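My questions all concern the structure below.
Nothing in this text is a laboratory measurement; each read-out follows from the coordinates by a stated rule. If you're wondering where the values come from, they're calculated on a predicted model, not measured in any experiment. Cβ coordinates were reconstructed from backbone atoms using ideal geometry, including for glycine residues, and neighbour counts include every protein chain displayed.
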Amino acid sequence: MPVLLIAGGSRGIGAATARLAGRRGYDVAVNFKSNAKAAGEVVDAVEAAGRKAIALQGDMAREADIERVFDETIGALGPITHFVHSAGIVGKNSRLIDAGTDTLREVVEVNLTGALLCARAAAQRMSSARGGPGGSIVLLSSIASLTSGAGEYVFYAAAKGGVDVLTLGLARELAQEGVRVNAVRPGPTDTEIHEPGRLERITPLLPMGRPGRPDEIAEPILFLLSDAASYISGAVLNVSGGR
């Protein structure tokens, strides 16, 4: 039975992915940092689709929390066969020259260091060379890693560029150990990650004239997780409406 753990699964793209995964036959562990109510609603949606689901609190920038969440997932649902890293923050928008050191550190900690720690934890438990079941990992990058985030959050874009490299490197390391690793680069998406007013400000600049919806990002994530993508590993897919 496929077991999917989503880091950052209580909101936005992570929540949409969890709901869709439940409808596609996955048991789902929904990690959240602070919003237990939102995580519970996602669990309810997965269970309504006839699958098992649990909500697990944990800060995905803290190694101890990450290890605990992975182990609690296995204890409740069985071996993890699929993992999505969707935990992320953009930090206070500013030019790099004006960004505070605390903002830089926090954005890198959550988006890149957290992704590295989570990817390591997933690999350790999923790799067939370590006795794992194999499976598929999808990391959330951002189209900002290509567009640079200049004037808003170069630090966020830089962290997501690291996720792109992590995707390719880990895919090559695990290619003969039964684990595929891919990433998705969403464009601006209608979620709460943005500062108030940002989406309205940039929407006229978007090629399609609108931001993406979380479910439009969840679909390609589920594709990359699935056996339909069995020969795809090390790919970073732009899901950005042409941006």
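Does region 80-92 include one or more residues that are in contact (Cβ under 8 Å) with a residue 12 or more places away in the chain, within 21 Å of Gly12 (Cβ to Cβ) and in contact with a Lys or Arg (Cβ under 6 Å, 6 or more places away or on another chain)?
no
Could you list, in sequence order, all residues of region 14-33 that are touching a strand residue (DSSP E or B) at 6+ places or on another chain (Cβ under 8 Å) and not hydrophobic (A, V, I, L, M, F, W, C)?
Correct list: Gly14, Thr17, Gly22, Tyr26, Asp27, Asn31, Lys33.
Could you list, in sequence order, the residues of region 201-243 that are within 18 Å of Thr167 (Cα to Cα) and part of a loop (DSSP other than H, G, I, E, B)?
Passing the criteria: Ser226, Ser230, Tyr231, Ile232, Ser233, Gly234, Ala235.
Still on this structure: Quick one: count up the residues across region 118-137 that are among the hydroxyl-bearing types (Ser, Thr, Tyr) and part of a strand (DSSP E or B). Walk me through it before giving the result.
First, the residues of region 118-137 that are among the hydroxyl-bearing types (Ser, Thr, Tyr): 127-128, 136.
Filter once more, so that each one left must be part of a strand (DSSP E or B): 136.
Final tally of qualifying residues: 1.
Just one of Arg243, Arg172, Arg185 is basic (Lys, Arg), closer than 30 Å to Ala129 by Cα and surrounded by 15 or more Cβ atoms within 10 Å (Cβ to Cβ); which is it?
Every option except Arg185 fails the conditions.
Looking at (1) touching a residue at least 12 places away in the same chain (Cβ under 8 Å); (2) within 30 Å of Gly209 (Cα to Cα), which one does Ser148 not meet, given that it meets all the others?
Condition (1) is where Ser148 drops out.
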